[in-house]
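The values are calculated or read from the model by the stated rules, or taken from the named source; none is laboratory data. None of the values given here were measured: they were computed from a predicted structure. Please note: Cβ atoms are built from the backbone with ideal geometry, for glycine as well, and neighbour counts cover all protein chains shown.
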Amino acid sequence: MSSTSTPVFLITGASSGFGEAIAHEALSRGHHVIATARSASKLGALKAAGAAVLDLDVTSDEATLAGVFGAAHAVHGRITHVVNCAGYILEGAVEEASAKEAFDVFNTNVLGTCNIARAAAPYLREAAKVPGQTAALATFGSLGSWWSGAAVAHYCSTKSAVSGLSEGLADELRPFGVAVCCIEPGYTRTGFLVNGASGGDHRVKTARQLDVYHGTGAAEMRGAMDAYNGNQPGDVVKCARVIVDVLTREGVAKGREVPVRLALGSDCVEAVRAKCESALKLVKEWESISVSTMRDSAE
């Protein structure tokens, strides 16, 4: 592949988890990678592997983000793929979360996605003009885009929002030849569920924990996340391989269009299937009442 057609990936949240794995996978194929994190000092291993590294906080103001994207574009003269992996989980019942805690998780997970899409769009449109060049924006939803529960309602609602946002973005950018894919992984073995008290920075507990929720579904979910940490069935390296294939339309995705939503893991596939079946059941149960609210044809 010539240097002028080599994909250039800009990846946020590349210091760990999916971001780090996708960066290494792209580098292993000879693609260019610009790895970013709130602190580029955490990206030493990727820098040693050949990635350019930059500081990037997805909640930054527009001028700051424009500056970072301008600097990223200057590295190789183009940006063909943007993968927004930045995000975290807020653990706690809705009643337990302060207004600031709720705002912060939406600010990073949802508004951060908007910020990256806004900053990336001009560069991806430019890349898509090159004959034969793929250009794509990847966002991160989750199994939680399809399912929510006690103690994770904030997180799951942010992921549902990102998936819906991505569907709209796909319609907006498709006319310019830019694909949008919302990646929706199931439980994948990364450090995402490591308790903050144990050094993790992607699982943040609400400062307030009310006794009234002891013995309820909220407490059960907290325990389940502790038990699942380190035992998730998904393989992040295999996920990264599929993600890079899909975004570049190579390997397992050769000859296929980039999907607007991509479920990864058998657990996510089952969650999608169960959600669709339950939604259809609910519609059927309430259909006669739902349609009764329409205006009479004679009116």
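Filtering region 185-240 to residues that are of a type in the set (Gly, Ala, Ser) and touching a Pro at 6+ places or on another chain (Cβ under 7 Å) leaves only GLY234. Checking each residue in region 172-214 for being surrounded by 15 or more Cβ atoms within 10 Å (Cβ to Cβ), in contact with an Asp or Glu (Cβ under 8 Å, 6 or more places away or on another chain) and of a type outside the set (A, V, I, L, M) picks out CYS182, GLY186, TYR187, THR188, ARG189, ASN195, ARG203, LYS205, THR206, GLN209, TYR213. I'd like the residue in region 230-248 that is assigned to a loop (DSSP other than H, G, I, E, B) and under 19 Å from the mean Cα position of the chain (by Cα) and, out of all such residues, is surrounded by the fewest Cβ atoms within 10 Å (Cβ to Cβ). Among those residues, the one meeting the criterion is PRO233. A single member of VAL58, VAL94 is surrounded by fewer than 17 Cβ atoms within 10 Å (Cβ to Cβ) and either closer than 21 Å to ARG261 by Cβ or in contact (Cβ under 8 Å) with a residue 24 or more places away in the chain (or both), and it is VAL94. Could we say that THR64 is without any contact (Cβ under 8 Å) to a residue 60 or more places away in the chain and either more than 30 Å from LYS205 (Cα to Cα) or surrounded by 14 or more Cβ atoms within 10 Å (Cβ to Cβ) (or both) here? So THR64 fits the description; yes. Checking each residue of region 205-215 against the condition of being in contact with a strand residue (DSSP E or B) (Cβ under 9 Å, 6 or more places away or on another chain) and either farther than 23 Å from ILE116 by Cα or in a strand (DSSP E or B) (or both) gives at least one match.
Within region 254-299, if we keep just the residues that are of a type in the set (Asp, Glu) and modelled with pLDDT under 95, the residue that is farthest from TRP147 (Cα to Cα) turns out to be GLU299. On inspection, GLY251 qualifies as small (Gly, Ala, Ser), over 17 Å from the mean Cα position of the chain (by Cα), under 25 Å from SER28 (Cα atoms) and at pLDDT 95 or above. Among the residues making up region 4-37, those that are assigned to a helix (DSSP H, G or I), in contact (Cβ under 8 Å) with a residue 60 or more places away in the chain and more than 22 Å from ILE89 (Cβ to Cβ) are HIS24, GLU25, ALA26.
The residue that is farthest from GLU184 (Cα to Cα), among those in region 263-299 that are assigned to a loop (DSSP other than H, G, I, E, B) and either in contact with a strand residue (DSSP E or B) (Cβ under 6 Å, 6 or more places away or on another chain) or hydroxyl-bearing (Ser, Thr, Tyr) (or both), is SER297.
Take THR158 and tell me if it is in contact (Cβ under 8 Å) with a residue 60 or more places away in the chain, more than 18 Å from THR248 (Cβ to Cβ) and surrounded by 23 or more Cβ atoms within 10 Å (Cβ to Cβ). I'd like the intermediate steps shown before the answer.
Numbers: in contact (Cβ under 8 Å) with a residue 60 or more places away in the chain: yes; more than 18 Å from THR248 (Cβ to Cβ): yes; surrounded by 23 or more Cβ atoms within 10 Å (Cβ to Cβ): yes.
Answer is yes for this residue.
For the structure I just gave you, tell me whether GLY191 is in a loop (DSSP other than H, G, I, E, B), within 15 Å of TYR88 (Cα to Cα) and without any contact (Cβ under 8 Å) to a residue 24 or more places away in the chain. Let's see the steps before the verdict.
Numbers: in a loop (DSSP other than H, G, I, E, B): yes; within 15 Å of TYR88 (Cα to Cα): yes; without any contact (Cβ under 8 Å) to a residue 24 or more places away in the chain: no.
Answer is no for this residue.
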